[in-house]
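K.L.:
Once you've had a glance at the structure underneath, I'll fire off some questions.
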Amino acid sequence: MLEKGSVVKSLAGRDAGRLLLVTDKTESSVLVCDGKERPVEKPKLKNIRHVADTGIKLDINLTGSNRALKKALAAVCEKTGDTGAKPQEVSECPSRI
């Protein structure tokens, strides 16, 4: 269940594959930030279908600054073994005859 403080993984968009923290939730979208690309002061609005819940929850009061949020998400990356990096897209070039 997504709620404030939940750590989610982005499934779509420029930030696909990154871990993000939910700062607020509406019916069909969430506000997320990561402390780097999306600072706490300017969270991104993402469709709820474009994020996956990791089941990890952080204390939103302890992640009030960008530096603290980056450290907390880095610790989650180490704990889960997830690099938080965008997956490489595999493209196959058609062979020329």
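K.L.:
State all residues of the stretch 34-50 that are surrounded by fewer than 17 Cβ atoms within 10 Å (Cβ to Cβ) and under 20 Å from N66 (Cα atoms); if no residue qualifies, say none.
P.N.:
Those that are surrounded by fewer than 17 Cβ atoms within 10 Å (Cβ to Cβ) and under 20 Å from N66 (Cα atoms): K36, E37, P39, E41, K42, L45.
K.L.:
Just wondering, is there one or more residues in the stretch 41-53 that are in contact with a helix residue (DSSP H, G or I) (Cβ under 9 Å, 6 or more places away or on another chain), assigned to a loop (DSSP other than H, G, I, E, B) and at pLDDT below 90?
P.N.:
Going residue by residue through the stretch 41-53, those that are in contact with a helix residue (DSSP H, G or I) (Cβ under 9 Å, 6 or more places away or on another chain) are 41.
Imposing the further condition that a residue be assigned to a loop (DSSP other than H, G, I, E, B) reduces the set to 41.
Subset that is at pLDDT below 90: none.
Scanning the stretch 41-53, I find no residue that is in contact with a helix residue (DSSP H, G or I) (Cβ under 9 Å, 6 or more places away or on another chain), assigned to a loop (DSSP other than H, G, I, E, B) and at pLDDT below 90, so the answer is no.
K.L.:
For the structure I just gave you, tell me whether S65 is surrounded by fewer than 19 Cβ atoms within 10 Å (Cβ to Cβ) and at pLDDT 90 or above.
P.N.:
Against the criterion (surrounded by fewer than 19 Cβ atoms within 10 Å (Cβ to Cβ) and at pLDDT 90 or above), S65 does not qualify.
Each row is one residue, and each column tells you yes or no for (1) in a helix (DSSP H, G or I); (2) at pLDDT below 90; (3) surrounded by 15 or more Cβ atoms within 10 Å (Cβ to Cβ); (4) in contact with an Asp or Glu (Cβ under 6 Å, 6 or more places away or on another chain).
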{"residue": "V32", "(1), (2), (3), (4)": "no, no, yes, no"}
{"residue": "A75", "(1), (2), (3), (4)": "yes, yes, no, no"}
{"residue": "E78", "(1), (2), (3), (4)": "yes, yes, no, no"}
{"residue": "Q88", "(1), (2), (3), (4)": "no, yes, no, no"}
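K.L.:
Let me ask another. Among the residues of the stretch 48-63 satisfying the criterion of being touching a residue at least 12 places away in the same chain (Cβ under 8 Å) and among the aliphatic types (A, V, I, L, M), which is farthest from S10 (Cα to Cα)?
P.N.:
Ranking the qualifying residues of the stretch 48-63, first place goes to I60.
K.L.:
Specify the residue that is surrounded by the fewest Cβ atoms within 10 Å (Cβ to Cβ); the eligible residues are those in the stretch 7-21 that are farther than 17 Å from E78 by Cα and in contact with a Lys or Arg (Cβ under 6 Å, 6 or more places away or on another chain).
P.N.:
Here the residue is A16.
K.L.:
Taking the options L2, L31, name whichever one is free of Cβ contacts under 8 Å to residues at least 24 places away in the same chain and closer than 17 Å to D59 by Cα.
P.N.:
Within the list L2, L31, the selection yields L31.
The values are calculated or read from the model by the stated rules, or taken from the named source; none is laboratory data. None of these values were measured; they are calculated from a predicted model. Methodologically, a virtual Cβ is constructed for each residue, glycine included, from the backbone with ideal geometry; neighbour enumeration extends over all protein chains shown.
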